[in-house]
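Report on the following structure.
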Amino acid sequence: MLQTSAIKAVPAGAPSGPASDYDLVRRAVAFISEHWRGQPEVEEIAEAAGVTPTELHHLFRRWAGLTPKAFVAALTLDHARQLLRDSASVLDASHEVGLSGPGRLHDLFVTHEAMSPGEWKAGGEGLTIAYGFHPSPFGMALVMATPRGLAGLAFADPGAEAATLADMRSRWPKARYVEDAAATAPLARRVFDAKLWRPDQPLRVVLIGTDFEVRVWETLLGIPMGRAATYSDIAAKVCTPKAARAVGAAVGKNPVCFVVPCHRVIGKDGSLTGYHWGLTRKRAMLGWEAGKIAS
């Protein structure tokens, strides 16, 4: 049974501005997602989000460093195709510098390790996972950690915190779970505060999955912010281009979303396809990253 305290929001040190902004951003992104082909005006987006055009402008500048119109542009099909143009060469370069090694860094300055196949097969038995909910630029984030590093990151829409926790617990059913927001708060800050993305203080991530899943997740770490890759691109690096469906399943099981950037995987035609934590959130992440690159 889930503890009732597990679904309480714990602001402990996480950025309060982006967290409080996200509900409005989510409504705006949902409208943009349905109407981007018509390149909606700011007034239309503002009305859908329930704010004035001026408020919407300040909201997006504060949240992502982009104007609403720039955000619309970041979500267009042409932009997605542009992201794809260099994806193959990016992944090639990643492997040439040793993507599968423990020192691989990307835009969050991540270093990672994988648990042994035996540890994964045991369903997390003997493993203690601390967890806590924290505000983030993309809604409430569930942060999960072991003594070896960040092991899980997920998102919950309002009222869905318990379901998100249950989803993540089901991945390692035999682990021991301890609610400890004080322990996970520093990790939340490291993930979502770009000022803390420092190469001399890498974020350690522990990947818990099958050998194949871990190889896919390691390959995702080779997609830099502002780029994208297709499922077949990743399959070609992991095994064979014909395994794109299996790669898609592994991408969907990524337990450390955003940090291991499964949101940067899109269809061959530039379509955003699906996302375990919601397509609206995936669009928001890509737009937010576009703002970080532009700033």
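What ranking do 141-148, 30-37 get when scored by the average of other Cβ atoms within 10 Å per residue, highest first?
Those peptides, ordered most packed to least, come out 141-148, 30-37.
In the stretch 234-263, whose amide N lies under 18 Å from the spot 7 Å out along Cα-to-Cβ of ALA160? List them in ranges.
Of the residues in the stretch 234-263, 252-259, 262-263 have backbone N under 18 Å from the label point off ALA160.
Going through the cross-link list LYS242/LYS268; LYS253/LYS292; LYS121/LYS282; LYS242/LYS292; LYS69/LYS253; LYS121/LYS268, which pairs have a Cα-Cα distance over 24 Å in this structure?
LYS253/LYS292; LYS121/LYS282; LYS242/LYS292; LYS69/LYS253; LYS121/LYS268
May I ask you to derive the FRET efficiency for GLU55 and LYS174 from their Cβ-Cβ distance with R0 = 51 Å, giving the value to the nearest 0.05?
E between GLU55 and LYS174, to the nearest 0.05, is 0.60.
Per-residue counts of other Cβ atoms within 10 Å, averaged by peptide: what ranking do you get for 185-191, 272-278, highest first?
185-191, 272-278
At 1.4 Å probe radius, can you tell me the per residue accessible area of the stretch 98-229 in Å²?
37
Between ALA294 and ARG245, how high is the FRET efficiency from 1/(1 + (r/R0)^6) when r is the Cβ-Cβ distance and R₀ = 30 Å? Nearest 0.05.
0.30
Quote the FRET efficiency, to the nearest 0.05, computed for ALA182 versus GLU119 with a Förster distance R0 of 25 Å and r equal to the Cβ-Cβ distance.
Computed FRET efficiency for ALA182 and GLU119: 0.45.
Using label points projected 7 Å from each Cα along Cα→Cβ, tell me how many nm separate ASP211 and ARG198, to one decimal.
3.9
The values are calculated or read from the model by the stated rules, or taken from the named source; none is laboratory data. From a predicted model like this one, the values you see are computed outputs, not experimental measurements. In this analysis, Cβ positions are derived from the backbone assuming ideal geometry, glycine residues included, and neighbour counts consider all displayed protein chains. Surface accessibility is based on the protein's heavy atoms, side chains included, excluding ligands, DNA and RNA. Shrake-Rupley method; radii C 1.70, N 1.55, O 1.52, S 1.80 Å.
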